[in-house]
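Below you'll find the structure, written out as structure tokens, and then a few comments.
Any read-out appearing in this document is the output of simple, stated calculations on the displayed coordinates, not a laboratory observation. Quick caveat, the model's predicted, so the values are computed rather than measured. So basically every Cβ, Gly included, is an ideal-geometry build from the backbone, and we count neighbours across all protein chains shown.
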Ligand SMILES: Nc1ncnc2c1ncn2[C@@H]1O[C@H](COP(=O)(O)OP(=O)(O)O)[C@@H](O)[C@H]1O
Ligand SMILES: [Mg+2]
């Protein structure tokens, strides 16, 4: 498989809509005109057409799947990197490509921030394998498990589960162990990928560690030059030519380097949106700082939540589940957003997050002020 060719297909030039037709010597946008060529390029779940600097990681992940094509088990691995270093995108791209190769592969991507306990994880796998969700009550994990593996056995499928943001899964040990020991009860081969940041130790207990034993695939942080190139490509695909100059992109890349690429892409979108709202045809370097300050202001809702989290932690330490529950009494917030806020606060070094063993043997995270 030549990933580099498959993954970096470039759009033909004539794809670029005739932006020049705007040009009438007046530096204003007319009603109904837009600076965006393909707005979806800025969507959260967008898979980039051009995905540079990650060919080694893509190859390493593909190598973990390759044994399946020789009727062997997939290799387990840990996918490690800071936020927005391309971990989720890489695994989605590799899964997407591998799925085309064989119908005997069942590849399941699970977001641990959303599916954060054993029942939720296996329900999600059930949905992928059988095509529908199990009932949310009146059925045990054991029943769901049996349904999943009987179906895989019947269809002669190998199961590979990527547990993304795995540190947020309570009782990760049980999930890993149950997945990897399935071959004892069923004729099904399985593999597990764990995705997380360098500080997630994935401290599997001895029992789970002995069945896991995976290699690590490391996603280093991007340099400022790499961020510039990635943002430039995103701008090339997403907005019309001439709207965002290299100087503007350099400025955004510098800010992105301080935060992360996800933030940088969002900032780029906001800057272009603002220009569009003001009927301007292009962005100026000065616009960047102004939008950045407004951007932080528009995150006021999140700042409010951050303040609430800090206020709660001033009273006492919490486990992540307790803190989410306490915060939800003041403002309903999905677990995935809560998870992102906690990560932000941790990165700003305002809080500490420590892995702990819970009362029932599962893992929890204790959160306290730094
Ligand atoms: N090498 C890259 N080229 C283009 N876009 C990238 C690259 N790496 C990350 N991105 C973009 O950055 C954002 C975050 O990437 P993601 O894969 O979700 O990171 P992670 O899972 O490590 O937090 C996504 O919008 C993704 O498209
Ligand atoms: Mg991710």
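Between residue 290 and residue 262, the contour length at 0.36 nm per residue exceeds the Cα-Cα span by 8.2 nm. The residue 337 and residue 310 beta-carbon pair, evaluated with R₀ = 25 Å, returns a calculated FRET efficiency of approximately 0.95.
Pairs of Cα atoms nearer than 8 Å and 6+ residues apart set the relative contact order; for the chain it is 19 percent. When 47, 29, 194 are sorted by how many other C-beta atoms sit within 10 angstrom of their C-beta, beginning with the fewest, the order is 47, 29, 194.
Helical content of the chain, expressed as a calculated mean residue ellipticity at 222 nm, amounts to -14500 deg cm²/dmol (DSSP H runs of 4 or more residues, -39,500 (n - 2.57) each, divided by residue number, nearest 500). Is segment 229-370 best put as rounded, prolate or oblate by its Cα gyration tensor, with a ≥ b ≥ c the root eigenvalues, rounded for a/c under 1.5, and otherwise prolate when a/b is larger than b/c, oblate when not? Note, shape of segment 229-370 comes out prolate. Applying 0.36 nm per residue to the separation of residue 282 and residue 156 and subtracting their alpha-carbon distance, the gain on full extension is 39.8 nm. Quick one: grab the alpha carbon gyration tensor of the chain, order the square roots of its eigenvalues as a ≥ b ≥ c, and give me rounded if a/c is under 1.5, else prolate or oblate depending on whether a/b is larger than b/c. Oblate is the answer for the chain, as a/c is 1.5 or above yet b/c matches or exceeds a/b.
Count the DSSP beta bridges whose two residues both fall in the chain, then state the antiparallel fraction as a percent rounded to the nearest 5.
35
Projected label points at residue 71 and residue 349, each 7 Å from Cα along the beta carbon direction, are separated by 5.6 nanometres.
For q values of 0.10, 0.12, 0.14, 0.19 Å⁻¹, compute log₁₀ I(q)/I(0) with the Debye formula on a Cα-only model of segment 55-219, without solvent. Computed log10 I(q)/I(0) values: -0.33, -0.48, -0.66, -1.29. Among 259, 349, 357, the largest mean-square fluctuation in a Gaussian network model of the chain, built with springs joining Cα atoms closer than 10 Å, belongs to 349. Between segment 310-370 and segment 110-184, the C-alpha centres lie 25 angstrom from each other.
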